Amino acid sequence: MSQFPQPIRLGEGDLYSPRVEAYLEEQAVLNRGVPEVEPQPLIVRLIFSSYFYLSIASGLGAFVAWAIMEPFFDDPPVENPVWVGIFLFPLVAGFVGLFLGATEGIMCRNLQRAVVSAVVGFGIGFAGGLVVLIPAGVVYAIMEALAASLRKPDDVGPMPKGIALCVHMIGRSLAWSLAAVPAGLGQGIALREKKVAMNGLLGGVLGGLIGGLLFDPIGLAFAGPNGQGDLSRCVGFTFIGLMVGLFVGLVEQWTKTAWLLMRAGPLAGKQFIIYRNPAVLGSSPKADIYLFKDEAIEPQHALVHNFGGRYEIEDWNTADGTYVNGIPVTKQILKPGDQIVLGKTVLEFALKETS
């Protein structure tokens, strides 16, 4: 008896037997090829970048707050009413929080999320703005006193010069960094996501620092011929809002670990950062990653689990199934670049490289 296995020989009848044909047809049905996906144009990638649309939204929020407050501002030498100073920080923080919360929901076409996050964002921003009035006022008063002590005898204008101006700018920067904290917190609190809240907190601090630091130079550049400050305040407040939104988006990008990039679907080009464990993918507005306009996707279609940095996708016993690189899966560990197909939607898994 030979020690080596005999080769398998297939005849022409075997190749074209009904069983082989049925097997091939079955595999063709089960496998779902990943459609060809065109590279996204630069403008689309820019529009779907969180640091872009969050900065625009935050700037609009600050602009709305300025438009509400501006009729009550009086330029020197007339003194502004006390209540104007009291409600300045809360209104700016409230409307920045409102627009930040609403925009993320709008970008995901999730009206429920947009409304809830907007309401919570305004409430947290306004209430938090009132709370930080005292610490921000104390910091600003200390820095103003220091700036006044550094003024030279010939420095008699309303705005200090030289080193005194730098100290004055730092004081305003620190005050705005405190005021911007509640503006960035709302969305994370609305979603009950600690990491989103921390991103908003850090982004608010950085945005407030940069925006507040440049508020006075903007005021000097846009001041009216007779000292009117309406235009300068408009540009200054809007710029602070832009910076808060920009840094909230940048911090989100810096700290993300794993995300899904929609390669084909109604939001092609949008990134969905995976925060929750597990993260629910589905057509329900309550899903963590809301996939709409696709009848094949069920309300809770699939779950993405995080097992200590190893991500696994699990199909939720759906009729249409979940596919990874064209192969139907029940559970599958994901690798960077894997193409996940749910209905007609294609998502690409990405994982941040760790050293």
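Quick look at the numbers
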{"item": "Accessible area (Å², 1.4 Å probe, nearest 10) - Asp230", "result": "70"}
{"item": "Accessible surface, per residue, of the stretch 241-322 when the full set of protein chains is kept, probe 1.4 Å, Å²", "result": "42"}
{"item": "Computed FRET value (nearest 0.05) for Leu111 with Asp74, which takes r as the C-beta separation and R₀ as 51 Å", "result": "0.80"}
{"item": "Contour minus Cα-Cα distance for Lys195 and Asn325 (0.36 nm per residue)", "result": "43.8 nm"}
{"item": "Nearest-ten-degree value, helix 230-255 long axis tilted from longest Cα axis of the chain", "result": "30"}
{"item": "Rounded FRET efficiency, nearest 0.05, which uses the C-beta distance separating Leu146 from Val82 and R0 of 30 Å", "result": "0.80"}
{"item": "Residue-level accessible surface for Cys166, protein heavy atoms, 1.4 Å, Å²", "result": "70"}
{"item": "Helix axis angle, 181-191 relative to the chain longest principal axis, alpha carbon, degrees", "result": "30"}
{"item": "Rg/Rg_ref, the stretch 203-348, where Rg_ref = 2.2 N^0.38 Å and atoms are Cα", "result": "1.49"}
{"item": "Nearest 10 degrees, 0 to 90: helix 50-69 Cα axis against the chain principal axis", "result": "30"}
{"item": "Lysine pair number, Cα distance threshold 20 Å (strictly under), the chain, separation 8 or more or different chains", "result": "19"}
{"item": "Percent RCO, i.e. relative contact order, over the stretch 199-251, from Cα pairs under 8 Å lying at least 6 residues apart", "result": "57"}
{"item": "Debye intensity ratio I(q)/I(0), log10, the chain, q values 0.06 Å⁻¹ (C-alpha model)", "result": "-0.33"}
{"item": "Zone residues, the stretch 201-216, relative to Thr255, backbone N less than 14 Å from point 7 Å out along Cα-to-Cβ", "result": "201-207"}
{"item": "Carbon/sulfur fraction of accessible area - the chain, other protein chains in place, 1.4 Å, %", "result": "66"}
{"item": "Relative contact order computed over the chain (Cα-Cα under 8 Å; 6+ residues apart), in percent", "result": "16"}
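The values are calculated or read from the model by the stated rules, or taken from the named source; none is laboratory data. Fair warning: this is a prediction, and the values are worked out from it, not measured in the lab. Cβ coordinates were reconstructed from backbone atoms using ideal geometry, including for glycine residues, and neighbour counts include every protein chain displayed. When the accessible area is computed, the model is the full protein with side chains, heavy atoms only, and any ligands, DNA or RNA have been set aside. Shrake-Rupley method; radii C 1.70, N 1.55, O 1.52, S 1.80 Å.
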